[in-house]
Amino acid sequence: MPDIMQMGVRQIREGLAEGEFSAREVARAALDAIAERDGSVHAFLEITESQALEAADRVDAAAAQRALDELGPLAGVPVAFKDNMNQEGTHTTCSSRMLESYVSPYTATCVQRAIDAGGIPLGKLNMDEFAFGSSTETSAFGPTRNPWDLERVPGGSSGGSAAAVAAGMACVTLGSDTGGSIRQPASFCGVVGVKPTYGMVSRYGVVAFGSSLDQVGPFARSVEDAAWALQAICGHDPRDCTSQDLDIDFLSAVREGAQSIRGMRVGIVKEFLEAKGLSDEVREKIQEATGKLCDAGAEIVEVQLPHADAAISAYYVLGPCEAFSNLARFDSVRYGLADHGHKDLSGQYEASRAAGFGAEAKRRILLGSYLLSAGVYDTYYYPAQQVRTLITRDYVQAFEKCDAILAPASPRTAFKFGEISDPAQMYLSDIFTVPINIAGNGGMTVPVGLGSQTGLPVGVQIIAPQFKDANMLRVAAALEQAYGTASVAPEFAGEKAGE
Ligand code: GLN
């Protein structure tokens, strides 16, 4: 039998429909792959074996009745969720000591939809603590390692979600992206990662970082698999008033991909390519990808984003301010590490927060509380909101001239553990991803092969006009056709992995 863990959504569905294998066998293969590989990768914080087997039995029952289509787009597909997504009965720790013993009493809409669509839920995935970070090194439970090079970070904050897919331990995973946390790890791990337009996916049940910036999206090894996942999780949810129904046919966009790119206008931003800190190998890949899109019949146009320079500063004001407000609930009374050995409430708060939060979470909370304090917020918070308007307008104007923008995802390939120890340096690595969250647009990463200097995966970012996420899937499909579909990282794809 071919290796189930290297299959995509369509192959799994066909295999199930034709009775080549059962969903139970798929679930077993995934659980075995995790048992065998996760000791070295550490993508999972919790494995939900009984939920996986139960879901598999539901799929097998549907297959027996020839009702797989009714089940939904992810029938029999091994899925897993970032640990900031509530799933009833699982721990949802956000990789923080603060929530180490918290068990979800309910399920996030995105998780529920993936399960209702037939997904086999394997478990919860490691992340930077409360999604603060770009490397998964801030997890209180130890970092995740990059399946392409175990000495290197997988990116972050959804590092576990990216690594699980890259190591062939899941077919589709969900992550969240507040400033790049889907797109950057997808780039580091050589997989597809989609951050939809703000409002496409419900945030209900996802622990909030920056409520006006957060968006859930899928990781997968192919653009088509990501489209199946989007088909499952997108749409209005009465429990999240910012979510919308758009009825986008993601799959048709992918199928038309390579053909429909003919005549599409793809924007290039000169300033991005000249940005300080952009490595040569990433620049080369952007140029090469531009050439491939041109060959496929796209029209390449130059566009301007005049306020791009201000995006990082605006993000590192707005992000911490929203995080500070959102994290106020972790006070050991409503949520959080209970420590009741204190005479007064403020002593209890202090002890709980001192022990519960790691250094980066404390940094963000302190920053947010300072930035929002009387006399300070008009100097930082208001101007940052004004910059947000300018950046949003830049994108609206740029998209008058093009249908999608091609940009770097990360300035460089995966770095080594501990290599970036200065927080400000780490923040700078988000330079190409944060503007998209500020403007609310959709952005996705698609792998374009290995860098000429480091030999590690490089992803390029495609950005779409708001709610025209199908545009970026078309461009991604065309690039995938030119570069080939992403595969499981070599260390986990061959005989070494026991196949
Ligand atoms: N790296 C960015 C940060 O640390 C983005 C994180 C995210 O998207 N969750 O804030």
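The values are calculated or read from the model by the stated rules, or taken from the named source; none is laboratory data. All values reported here derive from a predicted model rather than from experimental measurement. In this analysis, Cβ positions are derived from the backbone assuming ideal geometry, glycine residues included, and neighbour counts consider all displayed protein chains.
A few notes on this one:
- Number of positions in region 384-442 that are of a type outside the set (Lys, Arg) and assigned to a helix (DSSP H, G or I): 27
- Entirely in region 149-247, the strands (runs of 3 or more DSSP E) that have 1 or more residues that are at pLDDT below 95, within 16 Å of the ligand (Cβ to nearest atom) and out of contact with any Lys or Arg (no Cβ under 9 Å at 6 or more places or on another chain): none
Per-residue answers, yes or no, for (1) crowded, with 22+ Cβ neighbours inside 10 Å; (2) closer than 29 Å to Ser22 by Cα:
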| site | (1), (2) |
| --- | --- |
| Glu100 | no, no |
| Arg113 | yes, yes |
| Ile120 | yes, yes |
| Phe130 | yes, no |
| Arg152 | no, no |
| Ala164 | yes, yes |
| Met169 | yes, yes |
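- In the condition set (1) within 20 Å of Asp128 (Cβ to Cβ); (2) surrounded by fewer than 17 Cβ atoms within 10 Å (Cβ to Cβ), Val376 is compliant with all but (1).
- Pairs where the first residue, in region 1-26, is within 19 Å of Met169 (Cβ to Cβ) and small (Gly, Ala, Ser) and the second is at pLDDT below 95 and surrounded by fewer than 14 Cβ atoms within 10 Å (Cβ to Cβ), C-beta under 9 Å, 6+ apart: Gly15/Met1; Gly15/Pro2
- Among the conditions (1) over 21 Å from Thr389 (Cα atoms); (2) in a strand (DSSP E or B), Ile463 misses just one, which is (1).
- Contact map, region 414-439: first residue more than 13 Å from Tyr395 (Cα to Cα), second residue of a type in the set (Asp, Glu) and near the ligand (Cβ under 10 Å from one of its atoms), Cβ cut-off under 8 Å, separation 6 or more or different chains; pairs are Pro423/Glu360; Thr433/Asp177.
- Once region 61-98 is narrowed to residues that are of a type in the set (Asp, Glu) and assigned to a loop (DSSP other than H, G, I, E, B), the residue that is surrounded by the fewest Cβ atoms within 10 Å (Cβ to Cβ) is Glu88.
- Scanning region 390-440 for residues that are within 14 Å of the ligand (Cβ to nearest atom), within 24 Å of Ile261 (Cβ to Cβ) and surrounded by fewer than 21 Cβ atoms within 10 Å (Cβ to Cβ) returns no hits.
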